[in-house]
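The values are calculated or read from the model by the stated rules, or taken from the named source; none is laboratory data. Given the structure is predicted, the values throughout are model-derived calculations rather than measurements. Here Cβ is always computed from backbone atoms with ideal geometry, including for glycine, and neighbour counts include all displayed protein chains. Quick note on the areas: whole protein, heavy atoms, side chains included, nothing else; ligands and nucleic acids left out. Shrake-Rupley method; radii C 1.70, N 1.55, O 1.52, S 1.80 Å.
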Amino acid sequence: MGVQFATYQTQAGGPATVVTQTAPAPYDPMKVAAAFYNALSNADGVSASALVVPEKRGIGPFNEASIHSYFGGLSSPLQLQAISRRGADKVTVAYAYARADGSTCQGKAEVQTTYQYGKTLISKIRALNGC
């Protein structure tokens, strides 16, 4: 969530120049984890992947199409049930969903975050109970 502002500079006899800058967002592991799981609940692979460090985007579980396919095929969408901070860079999340075959998942995961490029990003997710 960046704040944009513009500075106007005029030159004598010349056209006005507009300079736009984006202020870096504050470091907020809980906000990025909640946004990531909200994107999963909407089967929005593009938004979910954008919250991951660039070197892991589009690969394995962070592939946009895979996220959309898996979470879009659920009979009951993922619901974030709880989120808590665990240290400076880690967040624990609890979530639930039901697969198309009727099986359910009561999941828990540890989300590792980092601050890069003026943004809080997810660097690693570790499932704590197998789903």
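Among residues of the range 47-67 that are more than 13 Å from F36 (Cα to Cα), those with a beta-carbon under 7 Å from a residue that is open to solvent by 50 Å² or more (accessible area, probe 1.4 Å) at least six positions away or on a different chain give the pairs G58/E64. Counting the residues of the range 104-116 that are without any contact (Cβ under 8 Å) to a residue 24 or more places away in the chain and either exposed (fewer than 12 other Cβ atoms within 10 Å of the Cβ) or aliphatic (A, V, I, L, M) (or both) gives 1. With the condition kept exactly as written, say whether any residue in the range 77-86 is farther than 17 Å from Y37 by Cβ and either in contact (Cβ under 8 Å) with a residue 40 or more places away in the chain or not β-branched (V, I, T) (or both). No, the range 77-86 contains no residue that is farther than 17 Å from Y37 by Cβ and either in contact (Cβ under 8 Å) with a residue 40 or more places away in the chain or not β-branched (V, I, T) (or both). With respect to (1) modelled with pLDDT under 95; (2) surrounded by 15 or more Cβ atoms within 10 Å (Cβ to Cβ); (3) under 25 Å from T22 (Cα atoms), the lone exception for C131 is condition (3). Residues in the range 94-131 that are in a strand (DSSP E or B) and not aliphatic (A, V, I, L, M): 18 in all. Restricted to the range 73-85, and to residues there that are open to solvent by 50 Å² or more (accessible area, probe 1.4 Å) and in contact with a helix residue (DSSP H, G or I) (Cβ under 9 Å, 6 or more places away or on another chain), the residue that is nearest to V46 (Cα to Cα) is P77.
Taking only the range 71-93 into account, find how many residues are in a strand (DSSP E or B) and out of contact with any strand residue (DSSP E or B) (no Cβ under 9 Å at 6 or more places or on another chain).
0
The criterion of being surrounded by 17 or more Cβ atoms within 10 Å (Cβ to Cβ), under 14 Å from the mean Cα position of the chain (by Cα) and not hydrophobic (A, V, I, L, M, F, W, C) holds for T120.
Within the range 22-40, being part of a helix (DSSP H, G or I) and open to solvent by 30 Å² or more (accessible area, probe 1.4 Å) holds for M30, K31, A34, A35, N38. Among the residues of the range 87-96, those that are modelled with pLDDT of 95 or more and either open to solvent by 20 Å² or more (accessible area, probe 1.4 Å) or of a type in the set (A, V, I, L, M, F, W, C) (or both) comprise D89, K90, V91, V93, A94, A96.
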